[in-house]
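Peer 1: Take a look at the following structure, please.
Please treat every number below as a calculation from the coordinates, not as lab data. It should be emphasised that the depicted structure is a prediction, and the values quoted were computed from it without experimental measurement. Glycine also receives a Cβ, built like all others from the backbone with ideal geometry; neighbour counts cover every protein chain displayed.
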Amino acid sequence: MPTLDLHAGVHETTVLQRRVLAPGVVLLSLDAPQLAAATQPGQYVMAIPPSGETAATALAVYEAEGKLASLLFFVTGRRTHELAELRDGDRLDVVGPLGNGFDCSGGERDVAIVAGGVGIASVLLCAQRLVRAGARVRLFYGARTAELLVDAQRFADAGCELIVTTDDGTRGESGFITDALARAQKPHIIYACGPSPMLRGVARIAMELGVRAQLSLEETFGCGVGGCWGCVVPLAGTSAQAPGFPPATLGGSDVVYARVCKEGPVFWADELRW
Amino acid sequence: MSVSPSLATKIGGLELPYPTLMGSGCYGTGEEFAPFADLSKIGAIVLKSVTRLPRLGNPTPRIVHTPAGMLNAIGLQNPGLDWYLEHELHKYAKRPCKLVGSVAAFSVEDYAYVCERLAARPEIAAVELNVSCPNVASEGETFGCYPDLTAAVVRAARATTGKTLIVKLSPNVTDIATIAREAEAAGADALAVINTVRGMAIDVETWRPRLGNVTGGLSGAAIRPIAVLAVYEVAQAVKIPIVGQGGIENVTDALEFFLAGASAISIGTANFTDPRIPERIADELQAYLARRNLAGIDAIVGKANHGFATPHQYEGDEG
């Protein structure tokens, strides 16, 4: 992925609006013009906990337009709970935008975006950009249950064709979103963000279809800016190399560990060692 | 007093304009944090440990967040000394702060070998001996857990360089003061106190350890009282300066370490919370000293070791 995070910084933002989109799913809209201007599709921020509690939280930038940047996240633990408690007018400092996001410059005319659960937060900017570029964009969106298919209409309004599945069949077909992808007409490229099993499925389908796929990975971050090597992923192939390291072959191994936060979070599926 | 208090400190031969070091493995090469922190407002970056041969590091997950802290088990991932010296180190030369190299090894000979070659480089102002990494299967921490092995490593490394040698001690020992004395006697110029505390977390859904390495090192506020005590005890055991570290997140935390006996502090995990913390601590340290009419950091180092004096009794120390 090309380096995109040229305008990263610490942004002191104000919460414009906090919305609960579903139980445990929160959308924080921030007054953050510089962040919004600098953010590329698939990038994220480290949200600094107002309490100072150890470690910032990595959150995808969902929307970025004008003075507004928003963060869409699921409450999964202590740190996201604290962020979910913020109210309109509260201050939230964030570090970003960070990481290498989706490369939307390939010019493919028929695109599949695959999102599982909270993975939806990483793909809106990507979808908007591709629609603007004139591509046909199909969003394959899977969730556990209907009410967790948050903000799906937003993608339809943005010009995406929607294919949804739920684990329990409360909306769309019952089953995994990867099954829907496998049955669908072959796209020219796939973009995906979601849980690891879904991403593995997407990678396998992409290989079978003979199309390339960009996957946004999730891993527990330490620093989130490339300093601690806590969030690595193995890259395959003798030409694989991580910054600061010899190529895999010289290192005496057939893999190298790259940082999800810095070299990623988006990788080409065929770069990864599954 | 109209002159603002000095934050300058000295760690052996290493003179620092600010008493703040960035902990090894927590701050990358400095470049990663440069967009978010003013590197000219910190004392030094302790670079990630380098070993003689390349190391892939541990499988993931390498990080688990825990109450008031986190567990890590990176496993000394590094490109190996040859690649590091040939292809990487020169890129760090333009940092606006001092760089401390960090050495990890699995034998006394390798500690000396890596130390000698690293210390010979002009980019490196001082060397830290990491004899206390808890995350390399049974070997690395062994040295720092035994007084005689610690002494052997320090003696061997000491013989290779005149640059300032900092020995980073493990808290995972019965008596850290004994090991501190051995390191001092073997020629250490300073001690870094403490490395992470061994710990573990288990996923109750999968019944599996949550770290790829099974065990890890605990850092963050959770270990601060352990670290403050270690600094306090080591300060009474040795005469060489101490770099205090372990869960420092703000000026109050930093002051605890100075008062316990540290001449400088190191900030690690707090950078993961907010990269502005080191500069904020330096600013607030200066304000604290100014409020008390103290000329510099020296005036508070180890003052908690002097019986039970109240702060105002020392206000006149600097005349």
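Peer 1: What's the center-to-center distance, using Cα atoms, between region B:190-238 and region A:203-241 in Å?
Peer 2: With region B:190-238 and region A:203-241 each reduced to a Cα centre, they are spaced 30 Å.
Peer 1: Cα extents of chain B along the three principal axes, largest first, in whole Å?
Peer 2: Result, largest extent first: 55, 49, 42 Å.
Peer 1: So what's region A:9-98 giving for Cα Rg divided by 2.2 N^0.38 Å, two decimals?
Peer 2: So region A:9-98 has a normalised radius of gyration of 0.95.
Peer 1: Right, something else. Once you've got the GNM for chain B with C-alpha springs shorter than 10 Å, pick whichever of B:Ala105, B:Ala235, B:Ala201 has the biggest mean-square fluctuation.
Peer 2: Comparing B:Ala105, B:Ala235, B:Ala201 in the GNM, the peak value goes to B:Ala201.
Peer 1: Within 10 Å of each Cβ in peptide B:260-273, how many partner chain Cβ atoms are there on average? Round it to a whole number, please.
Peer 2: That average works out to 3.
Peer 1: Would you list, by chain and number, the aspartates and glutamates whose Cα falls below 13 Å from the Cα of A:Lys186, excluding same-chain residues fewer than 8 positions away?
Peer 2: A:Glu108, A:Asp110, A:Glu208
Peer 1: So, one more: 222 nm [θ] for chain A, helices only, -39500 (n - 2.57) per DSSP H run of 4+, per residue, to 500? Walk me through the intermediate numbers first.
Peer 2: Numbers: 6 runs with 49 residues, N = 274.
Per the formula, -5000 deg cm²/dmol.
Peer 1: Compute the long axis of helix B:108-119 from its Cα atoms, compare it with the longest principal axis of the Cα atoms of chain B, and write down the angle in degrees, 0 to 90, nearest 10.
Peer 2: 60
Peer 1: Could you please rank B:Thr150, A:Thr166, B:Thr9, placing first whichever residue has the fewest other Cβ atoms within 10 Å of its Cβ?
Peer 2: Sorted ascending by nearby Cβ count, the order is A:Thr166, B:Thr9, B:Thr150.
Peer 1: Treating the angle as unsigned and between 0 and 90°, give the value, to the nearest 10°, between the Cα long axis of helix B:224-237 and the longest Cα principal axis of chain B.
Peer 2: So the helix axis and the longest Cα principal axis differ by about 70 degrees.
Peer 1: Over region A:188-251, what per residue volume does the convex hull of the Cα atoms give, in whole Å³?
Peer 2: Roughly 113 Å³ of hull volume per residue.
Peer 1: Counting only other chains, and only Cβ atoms inside 10 Å, what mean value do you get across the residues of B:54-66?
Peer 2: 6
Peer 1: Can you give the convex hull volume per residue for the Cα atoms of chain A, as a whole number of Å³?
Peer 2: 121
Peer 1: For region A:72-154, place one equal point scatterer on every Cα, skip the solvent, and apply the Debye formula. What is log10 of I(q)/I(0) at q = 0.23, 0.25 Å⁻¹?
Peer 2: Evaluating at q = 0.23, 0.25 Å⁻¹ gives log10 I(q)/I(0) of -1.18, -1.25.
Peer 1: Of the listed pairs A:Lys67/B:Lys41; B:Lys48/B:Lys94; B:Lys163/B:Lys303; B:Lys91/B:Lys168; B:Lys41/B:Lys303; A:Lys262/B:Lys10, which have alpha-carbon separations greater than 23 Å here?
Peer 2: Too far apart for the 23 Å limit: A:Lys67/B:Lys41; B:Lys163/B:Lys303; B:Lys91/B:Lys168; B:Lys41/B:Lys303; A:Lys262/B:Lys10.
Peer 1: Also, I was wondering about something else. Please provide three numbers in whole Å: the alpha-carbon extents of region A:219-274 along the principal axes, with the largest listed first.
Peer 2: 28, 22, 13
Peer 1: For helix B:147-158, report the angle its Cα long axis makes with the longest principal axis of the Cα atoms of chain B; keep it between 0 and 90° and round to the nearest 10°.
Peer 2: Its long axis makes an angle of about 80 degrees.
Peer 1: Out of B:Ala73, B:Ala192, B:Ala287, any idea which swings most in a Gaussian network model of chain B, alpha carbons joined below 10 Å?
Peer 2: Among B:Ala73, B:Ala192, B:Ala287, the largest GNM mean-square fluctuation belongs to B:Ala287.
Peer 1: Something else about it: Around A:Asp93, which amide H atoms from residues at least 5 apart in sequence, or from another chain, sit under 5 Å from its own amide H, with H modelled in the peptide plane?
Peer 2: Correct list: A:Thr13, A:Ile48.
Peer 1: Here's another thing I want to ask about it. For region B:43-175, what does the equivalent ellipsoid look like in terms of its semi-axes, each the square root of 5 times an eigenvalue of the Cα gyration tensor, given largest first in whole Å? Walk me through the numbers before you get to the answer.
Peer 2: Numbers: eigenvalues 102, 75, 42 Å².
Calculated on Cα positions only, the semi-axes equal 23, 19, 14 Å.
Peer 1: Follow-up. Largest first and to the nearest Å, give the Cα extent of the protein assembly as shown along each principal axis.
Peer 2: Largest first, the protein assembly as shown extends 76, 53, 44 Å along its Cα principal axes.
Peer 1: Taking the beta-carbon count within 10 Å as an exposure proxy, list A:Glu208, B:Glu182 from fewest neighbours to most. Don't skip to the end; give the middle numbers.
Peer 2: Details: A:Glu208 10, B:Glu182 21.
Taking fewest neighbouring Cβ atoms as first place, the list is A:Glu208, B:Glu182.
Peer 1: What average count of beta carbons from other chains do you get within 10 Å of the Cβ of residues in A:49-57?
Peer 2: Numbers: counts 2, 0, 1, 7, 8, 16, 12, 5, 2.
Partner Cβ neighbours, averaged per residue: 6.
Peer 1: Starting from 0.36 nm per residue, how many nanometres of slack lie between A:His81 and A:His7 once their C-alpha separation is accounted for?
Peer 2: 23.8 nm
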